[in-house]
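Peer 1: The structure is given below, and queries will be raised subsequently.
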Amino acid sequence: MSIVAVFDIGKTNVKLSAASDDGRVLETLSTPNVVKDGPPYRHHDLDGLDDWLIDSLAALGRRHDIGAIVTCAHGSGGVLVDRQGAALPMIDYEQPTPADVDAYYRKIVGSHRERASAVMLGAAHLARQMLWQEMHRPETFAGASAYLATPQYWAFRLSGVLASEVTSLAAQSHLWASADGRPSALVANRGWQRLMPPMRRAWETLGPIRPDIAKRTDLKPTTRILCGVHDSSANFYRYQAADLSDVTVISTGTWIVALTDRTGVDFNVERPGHSCNADVFGNPMPGMLTMGGREFAAVAATASGPASLLALQQIVASGTFAVPTFGSDDGLFPGTAGCGRLEGPLARDENIRFTLAVLYSALLTAACVDDLPPAKTVVLDGNFVVDPLYGAVVAALLPDRRVLVSLSTTGTATGAAMLAAHETRASPVTLAAEAPDISGLPDLSSYQRRWRALVKTMEQAS
């Protein structure tokens, strides 16, 4: 069996998994995604991560016959490179951009159709990171060879081949007009075409592993390096590989990312939380984007799970609510950034905090689904589904949809691994998902209406 090494880069943690090319994860190693304060700005420790990757590939290679390597990553990371590697450190997207960069960026970034997402806080967009480097490090920027999204940076590091890829550029980079399948006007207006390597498919083999890395890891010199993929699009791909359509997939972690294959969205109109991503084939995918993991952590605070049905019943009966938004970005609800609060009789009860966080996350998820074109099936995936109550509550909040919960906690790695067999797969893969058990749940319809009314009041007060 061909074994694929999947290098999965999240904002907080990084994983390297050995998986079969039908997506079965066999072993996973992990490490924190270290950030350094600077100079020249807060940045990720690429050198330390490089050392960890080499050592971990060597370790996995001693236990598994690795034939291919693929990287998947979140959509807000990129690296300016020259012939030697990183020309400048990789920006940590959660830090504020300098005031002059931010003000100028907002003037030039263009319409919603061009950027395919809201203009978010920090340095979340690759285009804004590029502008920062161009304005503050002009000589280095002028001498660079390319700007690569994170998956393609590591593919370059492992293969020596420069490439761009559609799902990575379509993930709020503001470099790709996803609805039209082309670079955004900003790329041409800034003269950045020279930094955008040729487009390659996520599943394409860029080349064999570099000889020096093969030697250091003791991997076969024929080990294939795939182009790589955005993490949520990788997760969506595993449902496409199972021939599932008319579907909205919810990937959960630091972000709640909702993607659908349904059409009918006017991408000329900007709406809160809306985005337009792309699948691995380049098709535009209407989406929703909100930092649900951080919201969950703010509500749960120090409380630990699992969530309980008894606590849920107490929360609903008492009328206790978590009202958005706790983070510094408005997310789905304009004007609510930093205004999040707990209210109701049990607001100070630490015993219900974790369950309240699960309920709040389910409400955010349902809000995302309700604001997208209606799909027959909604699949829940990622970190949140570890707690059974999350899937059950989402299903109860979406009574008109078929809600399935993934039985795999490795959706991103599974989908990425499946890319290695994309060109040779003869039949659909088996999908492990099931409907959640909603028996015993309290009626949530009235609670949901009251929560929405509280949110509306928050928006109107801003």
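Peer 1: With viscosity set to 1.306 mPa s at 10 °C, what whole-number translational diffusion coefficient in µm²/s follows for region 322-462 from Stokes-Einstein and a Kirkwood radius over Cα pairs?
Peer 2: 93 µm²/s
Peer 1: Normalised by the empirical 2.2 N^0.38 Å for globular proteins, what value does the Cα Rg of the chain take? Let's see the in-between values first.
Peer 2: Working: Rg = 21.7 Å, N = 462, 2.2 N^0.38 = 22.6 Å.
Here the answer is 0.96, to two decimals.
Peer 1: Go through LYS15/LYS376; LYS15/LYS220; LYS11/LYS36 and tell me which ones have a Cα-Cα distance over 23 Å in this structure.
Peer 2: Beyond 23 Å: LYS15/LYS376.
Peer 1: As I understand it, the value is the acute angle between the Cα axis of helix 150-159 and the longest principal axis of the Cα atoms of the chain; what does it come to in degrees, rounded to 10?
Peer 2: Helix 150-159 and the main axis of the chain meet at about 30 degrees.
Peer 1: Might you report the magnitude of the Cβ-based charge dipole of region 317-387 about its Cα centre, with Lys and Arg at +1 and Asp and Glu at -1, to the nearest 20 debye?
Peer 2: The dipole of region 317-387 has a size of about 120 debye.
Peer 1: Follow-up. In nm, give the distance between the simple-model label positions of ARG452 and THR140, each being 7 Å from the Cα along the Cα-to-Cβ direction.
Peer 2: Distance between label points: 4.9 nm.
Peer 1: Using the beta-carbon distance between SER439 and ARG341 and R0 = 45 Å, what value does 1/(1 + (r/R0)^6) give for FRET efficiency, to the nearest 0.05?
Peer 2: Working: r = 32 Å, r/R0 = 0.71.
It comes to 0.90.
Peer 1: In addition: Gain in length, LEU29 to ASP82, computed as 0.36 nm per residue apart minus the alpha-carbon separation, to one decimal in nm?
Peer 2: Result for the pair: 16.1 nm of gain on full extension.
Peer 1: Order ASP279, ASP246, ASP231, most accessible first, counting only protein heavy atoms with a 1.4 angstrom probe.
Peer 2: The residues order as ASP246, ASP231, ASP279, largest area first.
Peer 1: Work through the residues other than ALA413 whose Cβ is under 14 Å from its Cβ and net out their charges, Lys, Arg +1 and Asp, Glu -1. Could you put the intermediate results ahead of the total?
Peer 2: Working: positive: LYS15, ARG24, ARG238; negative: ASP8, ASP21, ASP22, GLU27, ASP231, ASP381.
Within the 14 Å Cβ shell, the charges total -3.
Peer 1: Still on this model: Measure off, as a whole percent, the carbon and sulfur share of the 1.4 Å-probe accessible area of the chain, all protein chains present.
Peer 2: Taking all protein chains in place, the chain shows 50 percent carbon and sulfur surface.
Peer 1: Keeping all protein chains in position, work out how much accessible area MET135 exposes to a 1.4 Å probe, and write it in Å² to the nearest 10.
Peer 2: Ignoring ligands and nucleic acids, MET135 comes out at about 70 Å².
Peer 1: Cα centroid distance between region 246-290 and region 71-129, in Å?
Peer 2: 20 Å
Peer 1: Using 0.36 nm per residue of separation minus the Cα-Cα distance, give me the extension gain between LEU310 and LYS220 in nm, one decimal. Don't skip to the answer; put the middle values down first.
Peer 2: Details: separation 90, 0.36 × 90 = 32.40 nm, distance 5.45 nm.
Stretched out fully, the LEU310 to LYS220 stretch lengthens by 26.9 nm.
Peer 1: Give, rounded to the nearest 20 debye, the magnitude of the charge dipole that the chain has about its Cα centre when Lys and Arg contribute +1 at Cβ and Asp and Glu contribute -1 at Cβ.
Peer 2: 440 debye
Peer 1: If amide hydrogens are placed 1.01 Å from N in the peptide plane, which non-local residues have theirs closer than 5 Å to the one on ASN277?
Peer 2: So ASN277 has HN proximity to MET285, GLY287.
Peer 1: Set Lys and Arg Cβ to +1 and Asp and Glu Cβ to -1, take the dipole of the chain about its Cα centre, and tell me which of ALA18, ALA347, MET130 lies farthest positive.
Peer 2: Of the options given, the answer is MET130.
Peer 1: What is the helix-to-structure angle for 445-461, meaning the angle in degrees between its Cα long axis and the longest Cα principal axis of the chain, kept from 0 to 90 and rounded to the nearest 10?
Peer 2: Helix 445-461 sits roughly 70 degrees off the main axis of the chain.
Peer 1: Can you give the local net charge around HIS174? Use residues other than it whose beta-carbon is closer than 15 angstrom to its beta-carbon, Lys and Arg +1, Asp and Glu -1.
Peer 2: Local charge sum for HIS174: +2.
Peer 1: Might you work out the accessible area of THR377 for me, using a 1.4 Å probe with all protein chains in place, and round it to the nearest 10 Å²?
Peer 2: 0 Å²
Peer 1: Now for a separate question. Probe 1.4 Å, all protein chains in place: accessible area of ASP330 in Å², nearest 10?
Peer 2: Accessible area, nearest 10 Å²: 50 Å².
Peer 1: Put a dot 7 Å past each Cα toward the Cβ at ALA188 and THR263; how far apart are the dots in nm?
Peer 2: Calculated label separation equals 2.4 nm.
Peer 1: Cα axis of helix 126-136 to longest principal axis of the chain: angle in degrees, 0 to 90, nearest 10?
Peer 2: It works out to around 60 degrees.
Peer 1: Rounded to the nearest angstrom and ordered from largest down, what semi-axes does the equivalent ellipsoid of region 350-401 get from its C-alpha gyration tensor (root of 5λ)? Walk me through the numbers on the way to the answer.
Peer 2: Numbers: eigenvalues 87, 24, 16 Å².
Over the Cα atoms of region 350-401, the semi-axes work out to 21, 11, 9 Å.
Peer 1: Report the relative contact order of region 202-301, percent, no decimals, based on alpha-carbon pairs under 8 angstrom and at least 6 residues apart.
Peer 2: Once divided by the residue count of region 202-301, the mean separation gives 22 percent.
Peer 1: A further question follows. Efficiency by 1/(1 + (r/R0)^6): what FRET value for GLU423 and ARG271, r their Cβ-Cβ distance, R0 = 45 Å, to the nearest 0.05?
Peer 2: After rounding to 0.05, the efficiency reads 0.75.
Peer 1: I'd like the FRET efficiency for ASP37 and ALA103, computed as 1/(1 + (r/R0)^6) with the beta carbon distance as r and R0 of 41 Å, rounded to 0.05.
Peer 2: 0.95
Peer 1: Now for a separate question. Please give every one of the aspartates and glutamates within straight-line cross-link reach of LYS215, meaning a C-alpha to C-alpha distance under 16 Å, and leave out same-chain neighbours fewer than 8 residues apart.
Peer 2: ASP50, ASP51, ASP55, ASP65
The values are calculated or read from the model by the stated rules, or taken from the named source; none is laboratory data. All values reported here derive from a predicted model rather than from experimental measurement. Positions of Cβ are backbone-derived with ideal geometry, glycine not excepted, and every protein chain shown enters the neighbour counts. Keep in mind that these areas ignore ligands, DNA and RNA; they rest on the heavy atoms of the full protein, side chains included. Shrake-Rupley method; radii C 1.70, N 1.55, O 1.52, S 1.80 Å.
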